[in-house]
Ligand code: SF4
Ligand code: SF4
Ligand code: SF4
Ligand code: SF4
Ligand code: SF4
Ligand code: FES
């Protein structure tokens, strides 16, 4: 609905704006500057600073704050009369009287709104007796420094944290002239660390500690790029000095409105400085690995691959990708591995996403809603989230969903297997036990496809509150404009969710699977690097490696020891492999077992096209120079292809076809299968004191991707493996918050830290930060959504 | 003849005048108080540099010869980690002194700065801070020109 235009005059300039705009918006359109200190378009206007005052000629005598006063037809606004200017100056003087003269040591200097305004309005000296002295900054929390002596009480941090991030970590404390921004009880910040408050603070009161005291803002080269930690690929501004990243801030759009980032985007960039990377290619010689030139390495890898294919066939090879390939690279990969070698293709971290996506894609004959037709998923009236952990996979969804819910008549429904962040704020929230989730979805599908007028669907076996279920079915049948987000389990197989997504496709405006890596969507949809063979699913892959159907792995940035649950079984399976190539940017645990290690470039070190989970295409440009001799995957793959082709003359060699029948795979030496522990019989859980519970592995807000796990700052925030439970369970078992405990499951045991999570059922515990933790991974098996466990106090 | 006598007279007169030539480098002229020698860093009472690493001198320097590297001091405040001045490029303009908000840099009075290797012209914090042989900053210009 178009709003009627209204016309007003600002400093003699006529301007028309849509109804509902503020005077400040209108001035922006007219190109008239109005000073503001407490205004940020990401949150609602507030009116704290009164710097934005203007005068209306038709109402002489009154000064109006323009940031929240709606413009009206026929207004005649003046922003530069002597009265207005004097009011602004007085206001600035009052602020300065309560502000320390810290500019020389303040990181904000050079981009400080207060400093700029004081300069612009020519307020000089200390105009009033100064009352504030520099205070000690609070550096108790990681990443964010708070220096409240510099705070101008604009309330932006409080508002952005409450309104947008929905965390409400910061608030005004104390009253009267002692009022301050702080946390409850003055404890150190312990929040999502999204950094939005830092990006909103107009002065140097909230500072990025990774940036602090390292440079000056005028020395920075500002480059537009993208966060590459997850598949949303949020636009971000990278600030570089001499080729090194100094900080990452939300991108400022053409309209001047700043964007959103999550903790990984804002504070995860030191992953790009992590030096635990192979600088040169290595190949196995006997028992050791030696560094060789690229030529030699590619020749070696190609030779190994050729011998392997001749002996075992393409079906025995699996390609595991972390989806850090650009679409161009994925295409090259597909034409070599899928089309020519006919190997299996899978991903450990993005496996669930890829599975759901390819089912959706297949059913729709190549294009699917919410993607190619670019319908904005946020335009829907109902947001339905199926599966738990949407926000944990892609933390920027948190402010996005909050923004969505701010518009009138929007609803959020969450059907989750654990009380994740979104289910807490949903209008309709159903928590289904994780081991029953697939059953529930199947039942729901049956209920929905039944005739409308039939008896009410049998909700008995659906394990949830009948009334809420009825509301959910009502929502799904209402035919309202709906976006569906489908979230796979961390290590489960996404099969049932994929079927549900496909089922809902026709009823929804958009169906978006979540949980994908950087270019998962581009790789599957644009490049056709689709899941194939047993590698498509973690559990099947592990079994296939154990029973000899898979004898070779080509790892593209993935590491099974880091992201495939199974503990010793995974290591044993890797050690048996006849071909293991690690092509990736980082030194991984699996690299030690590899026959060849091919160092590749990180996403910010290469160029190419990627596609976000919402279907937006982004172009990557190299921002950093590659580490050591690392090369973009595209070059490596092309060289490999050339080396393979060369060997067999002009024409591509014929490789044995991929055959889904395991019998077609050339068997290995007869002794091998005997060592397979495939029928691992879960040991009984030893009794004893301790807290018996259902353990649900959940994704981490601090990132489970290979990049996030290489950021020292995100790792510090994770603080290792954690078991989060209901407050009552915590108290009943006398576990203190952050107390070291040990967790035992039928598969293994691991040390962890106890913690509290709101909304968790009694008798259930969430297992957080398990990716990248070998002990944690040994507790579970791929394909399991939940496992029985005992948690006990760790003995010293 | 007359001309010769005139010339010799001048010569003899000059003979008995005080010589104006100074035996530089054995004898040095007093410098005017506002003389601009090479920049020096001033120290606090405890000997640490006064510089707070704000970077304004670096920004203002027309020859881009200053590099200020900040660091984090006790309590998280910004402190100087390293100051480097490339005297090979300095034009002795004094803008850095004017820009400094905490009067941590001043123009000293050293002007004999020739060295055999350009690299020696890169002055680090220590050399800028404790000038050798009595060159103790802008103060005491008079003392050392005796
Ligand atoms: S917040 Fe701004 S005005 Fe205050 S000390 Fe920092 S730079 Fe100066
Ligand atoms: S970092 Fe984010 S969650 Fe933490 S206080 Fe700031 S806005 Fe709130
Ligand atoms: S800390 Fe910054 S954003 Fe928050 S109220 Fe103070 S000045 Fe405003
Ligand atoms: S949501 Fe994903 S892409 Fe966006 S900032 Fe966070 S990690 Fe980066
Ligand atoms: S005197 Fe001039 S040229 Fe020399 S360092 Fe200072 S600002 Fe730079
Ligand atoms: S910007 Fe309007 S009151 Fe602060």
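What follows is calculated from the coordinates using simple rules that are stated; it is not laboratory data. In this text the structure is predicted, and so the values were computed from the model without any measurement. Glycine gets a Cβ as well: all are built from the backbone with ideal geometry, and neighbour counts include every protein chain shown.
Could you give the alpha-carbon Rg of region A:5-80 over 2.2 N^0.38 Å, rounded to two decimals? Display every interim value, and only then the final one.
Working: Rg = 11.2 Å, N = 76, 2.2 N^0.38 = 11.4 Å.
Compared with the compact-globule rule of thumb, region A:5-80 sits at 0.99.
Given the DSSP H assignment, sum -39500 (n - 2.57) over each helix run of at least 4 residues in chain A and divide by its residue total; what's the result at 222 nm in deg cm²/dmol, nearest 500?
Details: 21 runs with 188 residues, N = 796.
Calculated mean residue ellipticity at 222 nm is -6500 deg cm²/dmol.
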5 Å-binned pair-distance histogram of region A:129-273 (Cα, whole percent): 2, 9, 18, 22, 20, 14, 9, 4, 1, 0, 0
Bins of 5 Å, starting at 0 and running to the largest distance - Cα pair percent for chain B: 2, 9, 15, 18, 15, 11, 6, 5, 4, 4, 4, 3, 2, 1, 1, 0, 0, 0
Relative contact order (percent, whole number), region A:5-80, Cα cutoff 8 Å, 6+ residue spacing: 40 percent
Counting DSSP beta bridges with both ends in chain A, the antiparallel % (nearest 5): 55 percent
Cα gyration tensor, region A:503-621 - rounded (a/c under 1.5), prolate or oblate: oblate
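If you stretched the chain out fully between residue A:44 and residue A:172, how much longer would it get, using 0.36 nm times the residue separation minus the C-alpha to C-alpha distance? Before the final figure, lay out each step's value.
Working: separation 128, 0.36 × 128 = 46.08 nm, distance 1.72 nm.
Gain on stretching residue A:44 to residue A:172: 44.4 nm.
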Zone of residue A:255's modelled label, taken as backbone nitrogen in region A:16-47 under 18 Å from a point 7 Å along Cα→Cβ: A:16-32, A:39-46
Cα-projected label distance for residue A:788 with residue A:33, points at 7 Å along beta-carbon direction, nm: 7.1 nm
Relative contact order for chain B, counting Cα pairs under 8 Å that sit 6 or more residues apart, in percent: 28 percent
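Quote the FRET efficiency, to the nearest 0.05, computed for residue A:471 versus residue A:446 with a Förster distance R0 of 22 Å and r equal to the Cβ-Cβ distance. All intermediate terms of the calculation are to be shown ahead of the outcome.
Details: r = 18 Å, r/R0 = 0.82.
Step by step, r from the Cβ atoms, then E = 0.75.
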Ranking of B:119, A:480 by count of other Cβ atoms within 10 Å, fewest first: B:119, A:480
Protection proxy ranking of A:74-84, B:17-27, A:604-614, A:425-435 - average other beta-carbon atoms within 10 Å, highest first: A:604-614, A:425-435, A:74-84, B:17-27
Kirkwood hydrodynamic radius over Cα pairs of region A:691-793, then Stokes diffusion coefficient at 4 °C and 1.567 mPa s, in µm²/s: 96 µm²/s
Residue-averaged beta-carbon neighbours from other chains (10 angstrom radius) around B:97-107: 1
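If you stretched the chain out fully between residue A:379 and residue A:284, how much longer would it get, using 0.36 nm times the residue separation minus the C-alpha to C-alpha distance?
Values: separation 95, 0.36 × 95 = 34.20 nm, distance 5.42 nm.
Full extension of this stretch gives 28.8 nm more.
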Volume of the Cα convex hull of region A:508-562, divided per residue and given in Å³: 121 Å³
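Report the FRET efficiency, 1/(1 + (r/R0)^6), for residue A:222 and residue B:122, where r is their Cβ-Cβ distance and R0 is 25 Å, rounded to 0.05. Let's see the in-between values first.
Numbers: r = 30 Å, r/R0 = 1.18.
Taking R0 as 25 Å, the efficiency between residue A:222 and residue B:122 is 0.25.
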Cα-projected label distance for residue A:728 with residue B:27, points at 7 Å along beta-carbon direction, nm: 10.1 nm
Residues residue A:619 and residue A:86, FRET efficiency given R0 of 56 Å [Cβ-Cβ distance, rounded to 0.05]: 0.65
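Would you kindly work out the equivalent ellipsoid of region A:1-132 from its C-alpha gyration tensor and give its semi-axes, the square roots of five times the eigenvalues, largest first in whole Å? Intermediate values should be presented prior to the final figure.
Working: eigenvalues 181, 54, 27 Å².
The answer is 30, 16, 12 Å, longest axis first.
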Relative contact order, percent, chain A [alpha-carbon distance under 8 Å, six or more residues apart]: 13 percent
Residues A:747, B:15 arranged by fewest to most Cβ contacts within 10 Å: B:15, A:747
Å³ per residue enclosed by the Cα convex hull of the protein assembly as shown: 282 Å³
Order by protection proxy (mean Cβ within 10 Å, highest first), peptides A:269-277, A:117-125, A:225-233, A:545-553: A:225-233, A:545-553, A:269-277, A:117-125
